[in-house]
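The values are calculated or read from the model by the stated rules, or taken from the named source; none is laboratory data. Since the model is a prediction, treat every value here as computed from it, not as a measurement. Methodologically, a virtual Cβ is constructed for each residue, glycine included, from the backbone with ideal geometry; neighbour enumeration extends over all protein chains shown. SASA here: full protein model, heavy atoms, side chains in, ligands and nucleic acids out. Shrake-Rupley method; radii C 1.70, N 1.55, O 1.52, S 1.80 Å.
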Amino acid sequence: MRKSLLYTVALCTFFPALAQAQTAPVAPTFETWKLSGWMENQFRSLGTTCAGGRFKVKNGRSAIPGDVFTQWGAVPPAVWGSQVKIYPTFSLNALFSKVYQSAPNGPMTETGSIPFPWGSDGPPLMSRDLAQASRAHNCATLMSGRLDSSLKIDFIGINAALEASRSDERSETAFLYAGKMNSPLAAAMGLGDAIFDKLPLSRFTVLLSIWDWYKNRPELVSASNANTLWVEDAVSGLAVYRASGLTQNSMLSGNGGFGLSLPFLKVGGDAEVNGTIGVKSRFQNFSVAVWDSTPRINLKPPSWIAGELEKRAEFDKGSGNPVRTDGEAFNYTIDIRHIPPAFCQAYWTHRAPAVSNNQPAYNLVSTESVTTEDRTVCRFVFRVTPPAESTNGEIAITPALVSRIVLPGGAAPIDLVLTPPPTFTVADGRSEFRPLVNGSLTPLTLPVGAQSIPGQANYMIVARDRAVVGVYTTVEAMTITCGSKTAVVNGSFTFKADSSPEAVQIAYTLPVTLFQGVAAGATVGCTAAMAQGPLRIITGQSTISVRLPAYPFEVTVAKPAV
């Protein structure tokens with residue numbers, strides 16, 4: 001069972017590097033060394049940095065501290081004397097990013113690379129197979145306990161090394177980690193979520209980089225390619241990270257302890273440390289000795305990647321969003337975390353929802369990558385038009401953002417659809433006013449020989465918390481439907497503010513043509529509805545738009561109309 005992951009070099013400046021997410025990594029390169037010889041070279045270099053030319057190793061002795069070489073146990077004994085491949089960080093990531101394709105009963109061939117979303121200099125992930133898989137030595141610890149027959153160093157050199165360990169500028173520390181180094185691509189597809197819990201790295205971002213690779217290589221997305229694409233899973237090795245700027249005090253207080261408060265470093269430059277430790281560290285060297293690798297694993301298909309991304313998308317409400325609308329259109333901002341700048345602008349379109357009642361309409365106004373205090377997000381601004389009819393109290397803001405893989409040959413495209421949760425809502429102020437049909441309806445009768453019949457739609461306006469001081473409509477026309485026939489008639493509008501609740505009446509005249517062909521004595525079901533435009537309710541401070549519901553009634557025909 002894989003233990004908890006260690007992150008060899010975390011990324012304080014993680015998101016600025018994401019802007020280069022589309023930069024293809026260089027080809028993986030390596031040197032071949034005997035592992036013990038390479039480690040000897042690392043510690044002799046560290047000693048020279050600490051004590052200058054006064055640091056020497058006696059013939060036949062080793063500069064490697066005993067707790068590493070003989071007591072650590074994290075490296076198999078047989079491996080110390082074997083030839084291994086030495087990868088610099090960028091080169092190991094280039095190895096991990098490679099995609100291979102297998103032919104039936106044939107070898108695997110390279111078919112491109114998936115650029116890591118944090119840039120090619122981002123460090124690999126490392127899982128611990130042993131409880132004591134890390135070691136750290138600086139100028140002071142390298143000297144202490146080594147003033148034996150192994151090292152030759154005079155008093156001046158000792159003082160120089162100890163002084164270096166106290167100086168931010170001169171101190172240097174070597175961190176060693178042994179275990180399995182997992183490909184972030186493989187980790188995102190095959191390992192548990194706990195791997196990413198404490199890292200400044202999002203599983204969502206890694207999966208999105210895989211989606212983007214498919215998006216740019218649609219010819220590889222087909223049923224015939226199922227289970228033919230492969231990526232590296234993990235390698236076993238020993239990583240050495242050299243950094244300057246950590247003092248001995250930091251080491252002794254635990255601030256330099258790996259996996260606890262190891263500084264979050266920017267590869268190739270300065271960066272503030274994690275937490276409250278008031279020191280800076282500078283990257284000096286990072287490389288990995290690899291002596292074994294696990295079998296490659298299948299690259300998951302884009303449909304699987306899309307499903308994982310849809311489940312894992314993290315949405316935030318933007319600042320300044322309205323909490324209430326009275327039916328007018330408004331702007332609403334939604335942020336999605338872990339989308340790198342390269343995958344933000346011009347990467348998403350909006351899919352209009354299926355036509356249904358009481359659903360708002362959306363227009364995507366703008367998309368931009370924004371850096372906040374603690375993260376970089378992709379920010380979407382929508383123009384939201386509320387539904388014509390008032391809701392039961394809230395308008396859910398659920399626009400669908402789509403990234404599409406267009407397949408060759410007319411095959412159905414594959415869509416990645418991100419939809420915010422229904423908890424993103426705006427209160428519908430119109431729901432405070434409920435237009436109700438007034439009481440029971442008395443059937444109307446079309447008299448013998450009559451050419452028309454008067455009708456009247458009666459509504460009540462039930463207000464909540466706000467008083468109704470006026471009601472008006474710009475169009476009093478009513479659409480009358482009786483059976484299969486429809487007519488638009490003009491009406492006269494009356495508002496009774498002195499009633500409780502307030503009453504609205506619209507009087508109209510039904511034309512006899514609505515009842516042609518109806519047998520004598522038959523009853524016809526009818527409805528009356530506003531032909532166009534909502535009712536405007538004045539509250540004193542604002543005007544609310546409310547659509548009146550259809551008004552049902554019945555008409556009994558005394559004699560068929562001629």
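See the values below:
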{"item": "Qualifying helices (runs of 4 or more DSSP H) (wholly inside segment 28-116; at least 1 residues being of a type in the set (S, T, Y) and over 22 Å from R242 (Cβ atoms))", "result": "89-97"}
{"item": "Residues located in segment 73-97, provided they are open to solvent by 10 Å² or more (accessible area, probe 1.4 Å), under 14 Å from M181 (Cβ atoms) and modelled with pLDDT of 90 or more", "result": "K85, I86"}
{"item": "In segment 448-469, residue farthest from A558 (Cα to Cα) [restricted to those that are in contact (Cβ under 8 Å) with a residue 60 or more places away in the chain and in contact with a Lys or Arg (Cβ under 8 Å, 6 or more places away or on another chain)]", "result": "I461"}
{"item": "From T474, T419, residue being open to solvent by 30 Å² or more (accessible area, probe 1.4 Å), at pLDDT 85 or above and within 47 Å of the chain's Cα centre (by Cα)", "result": "T419"}
{"item": "A361 being open to solvent by 50 Å² or more (accessible area, probe 1.4 Å), modelled with pLDDT of 90 or more and in contact with a Ser or Thr (Cβ under 6 Å, 6 or more places away or on another chain)", "result": "yes"}
{"item": "Qualifying residue in segment 497-505 (condition: within 20 Å of A558 (Cβ to Cβ) and either assigned to a strand (DSSP E or B) or modelled with pLDDT of 90 or more (or both))", "result": "no"}
{"item": "Residue in segment 480-488 that is in contact (Cβ under 8 Å) with a residue 12 or more places away in the chain, under 30 Å from P301 (Cα atoms) and open to solvent by less than 60 Å² (accessible area, probe 1.4 Å) present", "result": "no"}
{"item": "Looking only at segment 511-531, and only at residues there that are assigned to a strand (DSSP E or B) and of a type in the set (V, I, T), the one that is least open to solvent (accessible area, probe 1.4 Å)", "result": "V524"}
{"item": "Count - residues of segment 316-334 that are under 13 Å from V370 (Cα atoms) and open to solvent by less than 70 Å² (accessible area, probe 1.4 Å)", "result": "4"}
{"item": "Search result, residues across segment 420-441 that are in contact (Cβ under 8 Å) with a residue 60 or more places away in the chain and part of a loop (DSSP other than H, G, I, E, B)", "result": "P420, P421, F424, N438, L441"}
{"item": "Single unsatisfied condition, V384 versus (1) open to solvent by 50 Å² or more (accessible area, probe 1.4 Å); (2) within 22 Å of E432 (Cβ to Cβ); (3) modelled with pLDDT of 90 or more", "result": "(1)"}
{"item": "Residue check, Y347 outside any strand (DSSP E or B) and at pLDDT 85 or above", "result": "yes"}
{"item": "Long-range neighbours under 9 Å by Cβ, at least six apart or interchain, first residue within 12 Å of L207 (Cα to Cα) within segment 309-320, second at pLDDT below 90 and assigned to a loop (DSSP other than H, G, I, E, B)", "result": "R312/S202"}
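Residue-wise test of (1) at pLDDT below 85; (2) of a type in the set (V, I, T); (3) touching a helix residue (DSSP H, G or I) at 6+ places or on another chain (Cβ under 6 Å); (4) assigned to a loop (DSSP other than H, G, I, E, B).
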residue	(1), (2), (3), (4)
V377	no, yes, no, no
F380	no, no, no, no
S390	yes, no, yes, yes
R404	no, no, no, no
A412	no, no, no, yes
